[in-house]
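> Submitted below is the structure of interest, expressed as C-alpha cells.
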Amino acid sequence: MTRQYETVIGLEVHVELATKTKIFCSCSTQFGGAPNTHTCPVCTGMPGSLPVLNRQVGEYAMAIGLATNCEIARECKFDRKNYFYPDMAKNYQTSQLDLPLCLGGEVPLYPWSYPNDVIKAGVPPFRTVKLTRIHLEEDAAKITHHANYSLIDYNRAGSALMEIVSEPDIDTPEEAYAYLKSLQQILNYGDISDADMEKGQMRCDVNISLRPHGQEELGAKVEMKNINSMSAVRRALHYEIRRQAEELDMGIP
C-alpha cells in the first residue's frame, strides 16, 4: 500500500450461543442429526406460531455485554428484517434493530492474541477496540449448493445468534486478527459460545475503506461477508488494502 492512505476497519461478528434450544422455541440446537428433524412451526415461521424468547439467550448476551463494559439497556425489542431470504422459510429475520440489548463497550487487544509472526517481531502497544452494539437475532438455515439444484436443512434455522458490531476503530489486518482472537477467548472463558470459526459458530463480516491521511470523511466502504477464519480475515484485508490503494492511485474514488 502506498503510504498516503489510512486504513479504517470495522467488524461485525456473528456468534452462535451455546444454548441447548433455539432462541424462540424448544427445538434442539445439537449439531448434526438428520436434515429437517430439529424443527417446529415456530422456527420455520408457520402461520399462527408464537415465538417465546429463550431466557438463557438474554442472560448470555448480558454476560458478554458486562465482560466488554457495555451499557445494558433497560428496554430492548425485536424487529422484522424483511427482504428475500432463500434460507428462511418465513422470508424475514427476527432481529434487534432500534433497541439492542447492549450498547458501547470495548474489546482489549491482548498481546498474545496477535499472529505469531507479529508477536515474534514485537507486539504493538496495548489498546482497546470500541464497540457500537451487541444485539440478538436468529440464525438462518443451511444451504448446500449442487450443480443444478440446492438443498436446505432447517435444523440450524432459529438458533440463537449474537451480533457484536465494532466501531470503525481497527487500523491494521493484524489488529483485526487480535480483536477476533481476544473476542473468542472472552466467549470461551464465559462459557457463552465455543466460537469455533471452522464449525460456523463464529463468523465475521469485514468492512474496510481507505482515506488520505488527515481526511476526516471515511472512504468508500467494501464489505466482505461470512469469513470463517482469523487468518482468512487477515489475508482478505491485506488484499483489499492493496486493491483499494491501487484504485485510489488511479483516481478511482
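The values are calculated or read from the model by the stated rules, or taken from the named source; none is laboratory data. Worth saying up front: this structure is predicted, and the values here are computed from it rather than measured. Reconstructed Cβ throughout: ideal geometry from the backbone, glycine too, with neighbour counts over all protein chains shown. These area figures cover heavy atoms from the full protein model, side chains too; ligands, DNA and RNA do not enter into them. Shrake-Rupley method; radii C 1.70, N 1.55, O 1.52, S 1.80 Å.
> Quick check: with the 1.4 Å probe, what order do 237, 66 take by accessible area, largest first?
66, 237
> Pulled fully out, how much extra length does the chain show between residue 83 and residue 63, if you take 0.36 nm times their separation in residues and subtract their Cα-Cα distance?
Net length gain for the segment: 4.1 nm.
> For region 1-92, what number results from the quotient of the Cα radius of gyration and 2.2 N^0.38 Å?
1.47
> Probe radius 1.4 Å, ligands and nucleic acids left out: which of 191, 196 has the largest accessible area, and how do the rest follow?
The most accessible residue leads, giving 191, 196.
> Residue 119 accessible area, nearest 10 Å², 1.4 Å probe?
60
> Nearest 500 deg cm²/dmol is fine: what mean residue ellipticity at 222 nm does the chain get from its DSSP H runs of n ≥ 4 alone, each adding -39,500 (n - 2.57), divided by its residue count?
Estimated from H runs of four or more residues: -7000 deg cm²/dmol.
> Cβ under 10 Å from residue 224's Cβ, residue 224 left aside: what net charge do those residues give with Lys, Arg +1 and Asp, Glu -1?
-2
> Something else now. Compare 113, 229 by solvent-accessible area with a 1.4 Å probe and give them largest first, with all protein chains kept in place.
Largest accessible area first, the list is 229, 113.
> Continuing with the same structure: Specify, per residue and in Å³, the volume enclosed by the convex hull of the alpha carbon atoms belonging to region 1-154.
Roughly 212 Å³ of hull volume per residue.
> Round to the nearest 10 and give me the degree value, 0 to 90, for the angle of helix 55-67's Cα axis relative to the longest principal axis of the chain.
For helix 55-67, the angle is close to 20 degrees.
> With the Cα gyration tensor of region 108-253 in hand, give its eigenvalues times 5 under a square root as the equivalent ellipsoid semi-axes, listed largest first in whole angstrom.
After scaling each eigenvalue by five and taking roots: 28, 22, 15 Å.
> Can I ask one more? So, counting K/R as plus one and D/E as minus one, what does the shell of residues with Cβ under 12 Å around residue 244 add up to?
Neighbour charge sum, excluding residue 244 itself: -1.
> Which Cys residues of the chain have no other Cys Cβ less than 4.7 Å away and so no disulfide-compatible partner by this rule?
Singleton cysteines: 25, 27, 40, 43, 76, 204.
> State to the nearest 20 debye the size of the charge dipole of region 85-167 about its Cα centre, where the only charges are +1 on K and R beta carbons and -1 on D and E beta carbons.
Dipole about the Cα centre, nearest 20: 220 debye.
> What longest range of the chain stays clear of loop-exposed GluC sites (Glu not before Pro) (DSSP non-H/G/I/E/B, at most 11 other C-beta within 10 angstrom)?
76-215
> In a GNM of the chain with a 10 Å cut-off on Cα contacts, which of 105, 58, 214 has the highest mean-square fluctuation?
214
> Sticking with this one: Cβ under 15 Å from residue 77's Cβ, residue 77 left aside: what net charge do those residues give with Lys, Arg +1 and Asp, Glu -1?
Every neighbour counted, the sum reads -1.
> Dividing the alpha-carbon radius of gyration of region 171-247 by 2.2 N^0.38 Å (N being the number of residues), what value is obtained?
1.24
> Hey, another quick one. Can you tell me the Rg and Dmax of region 104-158, counting just the alpha carbons, in angstroms?
Answer for region 104-158, Rg first and Dmax second: 19.8, 52 Å.
> Next up: Fully extended, how many nm does the chain gain between residue 231 and residue 36 (0.36 nm per residue separation, minus their Cα-Cα distance)?
Working it through step by step, the gained length comes to 66.9 nm.
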